[in-house]
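Here the structure comes first, spelled out in C-alpha cells, and everything after it is commentary.
The values are calculated or read from the model by the stated rules, or taken from the named source; none is laboratory data. Predicted, not measured: the structure shown is a model, and the values here were computed from it. Note: accessible area is taken over every heavy atom of the protein model, side chains too, but ligands, DNA and RNA are not part of it. Shrake-Rupley method; radii C 1.70, N 1.55, O 1.52, S 1.80 Å.
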Amino acid sequence: MEKQQFSVGDSSGETKKSECTEEKFVWPWVGLVANIQTEVDKTGRRVGRSGSTFRDELIEKGFDPTRVQPIWNFKGHSGFALVEFTRDIKGFENAMNFERSYKSDGHGKKDWEKGVHLRDDKPYGWVAREEDYNRGGIVGKNVKKKRDLKTLSQLQEEEERKMVQLVESMSQSIEMKIISKQELEHKVDETSRVLESVELHNYQLNETYKQEEVEKMHTNLQGLYQQILAGHDKSMSDLETEREKLENRARQIYINEAEMEKSRLEIEMNQKAMMEQNEANMEAMKLAEKHQASSSLKEKEKLHEKIMEMEAKLNETQELELEIEKLKGSTNVMKHMAGSDGDGELMEKMVKTQMELEARETALHDKIMAVTQKERMANDEYQEARKEMIQFWKENEDLVSGEEIRVKTMGHLDTKPFLLAVKKKLRCSEARAGLKAMELCSFWEGQVGNVHWHPFKVDESDGIAKLVVDKNDLKLVKLKSDYGEELYNEVVRAKVEIVEYNPSGGYVVSEMWNLEKNRKATMEEGTDVMLKMRKKLVAMKNKRKRR
C-alpha cells in the first residue's frame, strides 16, 4: 500500500525540513477567510455571503473544500469563515493550493496582518496554524472546535503507525483464514466419508426391506378398496332417503302454490290502490313544495352591509319579493282549484299584477348591483390610498416619531423577550446570551411564518364558532416550559397577527396602528396626522424664511 507523504513548499516548491522549527497545522485541515464583506439588514443584524455560495466559488477554482462555515457572533456575520478540506493528503494539497492562491494575489495572512489602512475590499485567506488555533475571540473558539494541532511529521508517524497496524491486522486475518480453510477441508473430508458410509447403509436397507414394503403396500391397497366400496353403498342409501324426502316436500309445495297465487292477486290489488292514493298525495305535495321553494328565494338575496344608502330600497325589494311569492303560491293553488267560468277573469288580473311586481323587482335589483359595483371600486381605491399612506409613514419616520399613529409590522417578533428569557435560563454572559437569543428568535420567526403550522382550534362553547389558541400544541407547550410565559405570549401574539393580516402568505405585513388605543388606525386618524405634519412643515418653512 502507498504511504501518504506530507510536505510543505513555498511558491518555488522547496521543502521545509527543519525539525526544531517545524510548524504546527490545525488538523483536520482548515483554512481561514477574512474580510468577507457584510451589510446590515432590516433587523439590525449583519449578513454576508452564505457558506454554500463561497464553497461553490472555491470548487470552481479547483480547491475542492468539503464545507465553508461562516463564523457568527452576537452581531451576526463576523466577516470570517472556516474552509474545511478532506483529512487525507489530497485535502492537504488543496489547502496549500488555496493558501498559495491568496498569497500570490497579495491577499495572504501577512497581507492581512499589515493593518486595516493597507487592506482592500477583497477577502484574505490562509491555512490555519498554531497562531490561529491559540487566537482569542470567536474566531479562535471556532478554529479549536473538534480540532487539534499537529506537525506534518506527527501526521506522517500516525499514518505509518496506522499502516503498520493495518498490515499486521491483515496478516493475522490471512493466517486465521488459512487455518480456517484447513479446518474446513478436514471437515469436508470427514463429512464425505460419513456420507459414503450412510449411502452404503441406505442401499443395504433398501435392498433388505424392498420386498416387505411392496407386500405391505398391496395389503393396504386392498383394505382401502374395501373401505371405498362400503362408503359408496352407504352414500347410495343416504341419497335414496333424501330423494324420498324431496318428493314429499314437492307435493306439499304444489298444494300451497294455489293459496299463494290467491294471496298474490290480493296484494297486487292493494298495491294498485295505494299507488293511486300516493299519486294524488304527491300532486298536493308538489304544489306545497313549489310554493315553499319560491317563498325561500328572498333569503338568498344578501347585500353588502356597507351600502347604507340602499337600505330603504332593499326593504322595498324584500316586501315585493314576499308579495310576489305569495301571489305565485295563490296562483298555483287557484290553477289547481279554479273552474272554467267566473275564476278566469280573476286569474288574468292576478297574472298581470304578478308580472308588474316582477318588473319592479328586476329594476330594483339592477340598481342595487350598480351601487354594489361602485362600492367595490371605492373600497379598492380606499385600500390603495391606505397603502400609499403607509409608505409615506415609512419614508418620513422622523416627522411622525412623536405621533400616536405609527406603522406597525404585523407578525414581527420583538427580540427583547428572547434576550430576557435566555439570560434567565442560561445565566451566561451578555454576548453569549445575545447570540443564543438571536438564534432562538430566528427559529421562531420561521415557525410564525410557516403556513403549515396552525396552533389554533375552533371554540363553540358560547354558541359562536371562533378561532382560539390551542394551548395543547406541542411546540407552544415546549416553548412555555423552556422559556416561560412572556416569550410564549410574544410568539402567540405574532402568530395571531400573521393569521389575521396575512394568513395565505405567512410573511410580515405593515399596517397603520393607533398606539394609544392599541388597534388598527382609521384613514381619518391618518389624515389628521398628515394635516398636522403639513402645518408643522409650513411653519418650519416660514420660520426659515424670516431668518
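Does the range 97-152 classify as rounded, prolate or oblate by the C-alpha gyration tensor (a ≥ b ≥ c root eigenvalues; a/c under 1.5 gives rounded; else a/b over b/c gives prolate, otherwise oblate)? In terms of gyration-tensor shape, oblate. Annotation for the range 431-502 versus the range 514-529: alpha-carbon center distance of 27 Å. Ligands, DNA and RNA aside, Ile368 has an accessible area near 10 Å² when probed at 1.4 Å.
At 0.36 nm per residue, minus the direct Cα-Cα distance, what do Lys216 and Leu531 gain on full extension? Give it in nm, one decimal, please.
Length gained, Lys216 through Leu531: 101.2 nm.
Global dimensions of the range 439-547 from alpha-carbon coordinates: Rg and Dmax equal 20.8, 68 Å. Shape verdict for the range 472-516, please, from the Cα gyration tensor: rounded (a/c under 1.5), prolate (a/b greater than b/c) or oblate. It comes out oblate by the Cα gyration axes.
When a/c reaches 1.5 or more, the comparison of a/b and b/c decides; with that in mind, is the range 136-227 rounded, prolate or oblate per its Cα gyration tensor? Intermediate results must be reported in sequence, preceding the final value.
Numbers: a/c = 17.74, a/b = 3.03, b/c = 5.85.
Judged from the Cα gyration tensor, the range 136-227 comes out oblate (a/c at least 1.5, b/c at or above a/b).
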